[in-house]
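Worksheet: the structure to be examined is printed underneath.
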Amino acid sequence: MRGYALAALGAVSIAFASAPAGAKQYVDYSPQKGYWDINAVSVDPNHVDDYLTGISKSLVPVFETLKRRGMIDEYRFMSRIGYVKDSPNVLILTHSKTTGVMDADRERDQAVEAEINAAFSEAQQDAAVAGYEKYRTFIDNGQWVDIKMGK
């Protein structure tokens with residue numbers, strides 16, 4: 001009997017938690033300017049160190065160029081503690097102050113590409129990522145907006 005009571009209590013809790021609470025944007029929560037671009041990657045747990053070492057050589061210079069050019073203002077890498085098969089265990093995050101950086105800008109985009117290639121040739125880029133396909137799978141890529149709770 002106690003099990004049924006707990007199950008009923010759980011069902012009621014879920015019902016109240018999922019019922020619309022009448023939350024109002026900019027009153028109860030506020031989307032913040034800019035967005036995070038988050039790549040979720042599944043890396044064979046035996047190769048996480050190899051992958052992180054490789055992206056430190058291949059992506060950090062790119063992200064530093066994007067920062068200098070004002071296209072991003074922050075970047076992060078996160079590694080999961082623990083492992084779940086076919087789930088991401090490495091996150092690659094970049095933050096931009098505005099979605100306007102996604103707009104095409106031929107002059108800017110070509111200048112960024114030239115700067116990246118001058119610092120890190122295509123051959124170096126190819127060498128840095130060689131072998132990734134054996135132990136890395138992209139799971140998700142999305143743009144996320146920070147939310148501030150309250151007024």
- Item | Helix-derived mean residue ellipticity, 222 nm - over the chain, DSSP H n ≥ 4, -39500 (n - 2.57), to 500 | -13500 deg cm²/dmol
- Which residues' amide hydrogens lie under 5 Å from the amide hydrogen of I139, considering only partners 5 or more residues apart or on another chain, with H built in the peptide plane? A40, V41, S42
- Message: Given axes a ≥ b ≥ c from the Cα gyration tensor, I'd like to know whether the chain is rounded (a/c under 1.5), prolate (a/b larger than b/c) or oblate.
- Response: oblate
- Filtered pair list for the chain (Lys only, Cα < 29 Å, 8 or more apart or interchain) has a length of 17
- Item | Amide H within-cut-off set for D73, under 5 Å, with H built and near neighbours excluded | H95, S96, K97
- Query: For E74 and D50, FRET efficiency with R0 = 25 Å and r from the beta-carbon atoms, rounded to 0.05?
  - Reply: 0.50
- Query: If r is the Cβ-Cβ distance from H95 to K134 and R0 is 25 Å, what FRET efficiency results, to the nearest 0.05?
  - Reply: 0.25
- Note on the structure: Per its Cα gyration tensor (rounded if a/c is under 1.5, else prolate when a/b beats b/c, else oblate), the range 64-113 is best filed as prolate
- Query: Ordered by residue, what ³J(HN,Hα) values in Hz, to whole numbers, does the range 118-134 give under the Karplus form 6.51 cos²θ - 1.76 cosθ + 1.60, where θ = phi - 60° and Gly and Pro are x?
  - Reply: 5, 8, 8, 4, 4, 5, 5, 4, 4, 5, 5, 9, 4, x, 4, 4, 6
- Message: Apply the Karplus curve 6.51 cos²θ - 1.76 cosθ + 1.60, θ = phi - 60°, to the phi angles in the range 54-67 and return the couplings in whole Hz, x for Gly and Pro.
- Response: x, 6, 5, 7, 9, 8, 4, x, 5, 5, 5, 5, 4, 5
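Read-outs throughout are calculated quantities, based only on the coordinates presented, and are distinct from any laboratory measurement. Bear in mind the structure is a predicted one, so any value in this text is a computation, not a measurement. Quick reminder, even Gly has a Cβ in these numbers, built from the backbone with ideal geometry, and neighbours come from all protein chains shown.
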